[in-house]
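Okay, structure first, notes after.
The values are calculated or read from the model by the stated rules, or taken from the named source; none is laboratory data. As the structure is a prediction and not an experimental result, all values here were calculated from the model. Counting neighbours? That spans all protein chains shown, and the Cβs are built from the backbone with ideal geometry, glycine included. Surface areas here come from the heavy atoms of the whole protein model, side chains and all, with no ligands, DNA or RNA. Shrake-Rupley method; radii C 1.70, N 1.55, O 1.52, S 1.80 Å.
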Amino acid sequence: MTLPIIRTQDLSRDFKSTRAVVSLDLSIMPGEMFGLVGPDGAGKTTTLRLLAGLLDITSGTAEISGIDLAKDSEKVKPRIGYMAQQFSLYSELTVRENLAFFAEIYDVDPQVLTQRQDELLSFAGLTDLTQRRAGHLSGGMQKKLALACTLVHQPDILLLDEPTTGVDPVSRREFWRILTELHLHGTTIICSTPYMDEADRCSRVGLMYAGEMIVCDAPQRIRALVSGEWIELRPDDAQATRVFLENQPAVSEVQTYGRLLQVLVDSAGSRIPELSNALKQMGLKFHGMRPAPTRMEQAFISLIRSREREEV
């Protein structure tokens, strides 16, 4: 029977009068790709720093491969690669010098490092940039170098805190290609992300809110938690149309995506004619009203709003 590589029970962390992580129960299996999502201040970064052994545990327990983090965090650190939102590359050092520096921190054997460097540079697409200073790399290249430095000691577990924030879509896709390769080779990855398409790539996703894990499941199951069906339309007057629809008895929720409105109803098939006629009677013009599948972002917003309503 395979045991979890990461397990927490009632894990909590306080900062003065604020409880940043609240009684977190988490079980992650070896080789799993786990996503952490949630609004700013939800506790994602604190959770990752607790698992990396960088913060003391206020209460509860956390184990990595059966090792108690509260008692033996130093024993766990060689098995973990932690990449913070602002990873500390040394801008005046070259790509290869940065790798060598982090290898020294992790006590990587110099003979092993020679082969390991070339493998990582090739893997990250940096082979032709070994002598370029880190400060002169593009944002996407810096992220890939940061990941290579995080991997230099061959950790079993990667803890990544919003690793693709601030990079262009092409670099973001390339970064996730690398993560997918690592995942396929058995690396356990926990990645916090503000991007719902990235969360959809994970085998499971944990949604945090106000320090609590409010749902943890496979992406398709999280989408299925939204009760009802979505209708999509593009109104000429988005604000007036939204206000009108939010006040219709048949409408549970309205979300905005650029120029589109997403409307949650009990049945798209029966409500499309009804809402279409109501909008026309009010003189509110729109285009392309049609059923739409539930997206991860919709489920995320809907679940957060439900929790906020419960707290009122």
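Data table
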| read-out | value |
| --- | --- |
| For the range 171-312, the spread of Cα positions along each principal axis, largest first, Å | 58, 36, 24 |
| Other-chain or far-sequence residues with amide H under 5 Å of Leu24's (modelled H) | Asp10, Leu11, Ser12 |
| Calculated Rg and Dmax of the range 1-154 using C-alpha coordinates, Å | 17.4, 50 |
| Helix-only mean residue ellipticity at 222 nm for the chain, each DSSP H run of n ≥ 4 adding -39500 (n - 2.57), per residue, nearest 500 | -11500 deg cm²/dmol |
| Principal semi-axes in Å for the range 273-312 [√(5λ), Cα gyration tensor, largest first] | 29, 15, 7 |
| Carbon + sulfur, % of accessible area of the range 154-266 - ligands and nucleic acids excluded, 1.4 Å | 47 |
| Cα-derived Rg over Rh, computed across the range 51-100 with Rh taken as Kirkwood radius | 1.12 |
| For Glu253, distant residues with modelled amide H under 5 Å away | Leu264 |
| Selection from Gly288, Gln248, Cys216 lying farthest towards where the dipole of the range 213-312 points positive, charges on Cβ | Gly288 |
| Cα-centre dipole for the range 197-288 with unit charges at Cβ (Lys and Arg positive, Asp and Glu negative), debye to 20 | 180 |
| Percent antiparallel among DSSP beta bridges (both partners in the chain, rounded to 5) | 70 |
| Positive-end residue, the chain charge dipole about Cα centroid, Cβ charges, pick of Ala268, Ser23, Ile57 | Ala268 |
| Residue-wise HN-Hα coupling along the range 170-181, computed from phi with Karplus coefficients 6.51, -1.76, 1.60 (Hz; x: Gly, Pro) | 5, 5, 5, 5, 5, 4, 6, 4, 5, 4, 5, 4 |
| Fluctuation leader among Ser23, Ser91, Ser12 - the chain, Gaussian network, Cα springs under 10 angstrom | Ser91 |
| Estimated vicinal HN-Hα couplings, Hz - the range 252-266 in sequence order (Karplus 6.51, -1.76, 1.60; Gly, Pro = x) | 8, 6, 10, 10, 10, 10, x, 8, 9, 10, 10, 10, 8, 9, 6 |
| Furthest towards positive pole of dipole, Asn277, Ile6, Leu147, structure part the chain, Cβ charges | Asn277 |
| Apportionment of accessible area to carbon and sulfur, the range 109-150, percent (1.4 Å) | 46 |
| Cut-off under 5 Å, modelled amide H: who pairs with Ser267 long-range | Glu229 |
| Accessible solvent surface per residue of the chain, calculated while the other protein chains remain in place, 1.4 angstrom probe, Å² | 50 |
| Distance histogram in 5 Å bins (all Cα pairs of the range 114-209, percent per bin) | 2, 12, 24, 25, 19, 11, 4, 2, 0 |
| Prolate/oblate/rounded call for the range 174-240, Cα gyration tensor, a/c under 1.5 rounded | prolate |
| Relative contact order (%) - criterion: Cα under 8 Å, at least six apart; region: the range 48-202 | 26 |
| Apportionment of accessible area to carbon and sulfur, the range 23-98, percent (1.4 Å) | 46 |
| Total charge dipole magnitude, the chain, about the Cα centre, Cβ charges on Lys, Arg, Asp, Glu only, Debye to nearest 20 | 620 |
